[in-house]
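**Q** There's a structure below that I have some questions on.
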Amino acid sequence: MTKFLLSLHVIAAIVAVGPVTVAASMFPPAARRALAAPDDSQAAGTVRLLHRICRVYAAVGIAVPVFGFATATAMGVMGDAWLIVSVALTTLAAIVLVVLVLPRQETLVEGSGTRAVTARLAMFTGMFNLLWATVTVLMIVRPGSTTGA
């Protein structure tokens, strides 16, 4: 059962978090192009599409910690430091996405943003991606883990 849960957890992370990190990274330059050419419907459409990808896959991403907690419980590692740090960083990444990234994307999708908003958005997106990269490393390396991996 542990291998099955771990497989679901990893697949959910790839399918849900991957598209958010890529679309969120593509969003600021796409928004700058749309701001530079307000009459370009293709640029505006790209911005709307990238924002929709981020919103939808952020919601789907809830499956990642759900399967993660189930896996950790099955493995008996709920109290391990690497997991606690990973949970804290995952929570922080979710907060960055929901509070700092998605609202700024929404502002730009609505057409009321500026180039300065795209710069701050790029910074927050970088923070989000760095948090996820750190969580990924912790999940692989598991410092101090006694599970043999």
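**Q** Do the sum for the chain: with -39,500 (n - 2.57) for every DSSP H run of n ≥ 4, divided by all residues, what is the mean residue ellipticity at 222 nm, to the nearest 500 deg cm²/dmol?
**A** About -25000 deg cm²/dmol.
**Q** Kirkwood hydrodynamic radius, segment 77-140, all distinct C-alpha pairs: what's the number in Å?
**A** Hydrodynamic radius (Kirkwood, Cα only) of segment 77-140 equals 12.7 Å.
**Q** With +1 on each Lys and Arg Cβ and -1 on each Asp and Glu Cβ, how big is the dipole of the chain about its Cα centre, in debye rounded to the nearest 20? Before the final figure, lay out each step's value.
**A** Values: 10 positive and 5 negative charges, 23 e Å.
With only Lys, Arg, Asp and Glu charged at Cβ, the dipole is about 120 debye.
**Q** Alpha carbons only, please: Rg and Dmax for segment 33-73, in angstrom.
**A** Over segment 33-73's Cα set, Rg and Dmax evaluate to 16.7, 53 Å.
**Q** Report residue 134's accessible area, 1.4 Å probe, all protein chains in place, as a number in Å² to the nearest 10.
**A** 50 Å²
**Q** Same structure again: Rounded to whole Å, give me the distance from the Cα center of segment 3-22 to that of segment 90-149.
**A** The distance from the Cα centre of segment 3-22 to that of segment 90-149 comes to 16 Å.
The values are calculated or read from the model by the stated rules, or taken from the named source; none is laboratory data. Predicted model, so just to flag it, every value in this text is computed and none were measured. FYI the Cβ positions are ideal-geometry reconstructions off the backbone, even for glycines, and counts take in every protein chain you see. Quick note on the areas: whole protein, heavy atoms, side chains included, nothing else; ligands and nucleic acids left out. Shrake-Rupley method; radii C 1.70, N 1.55, O 1.52, S 1.80 Å.
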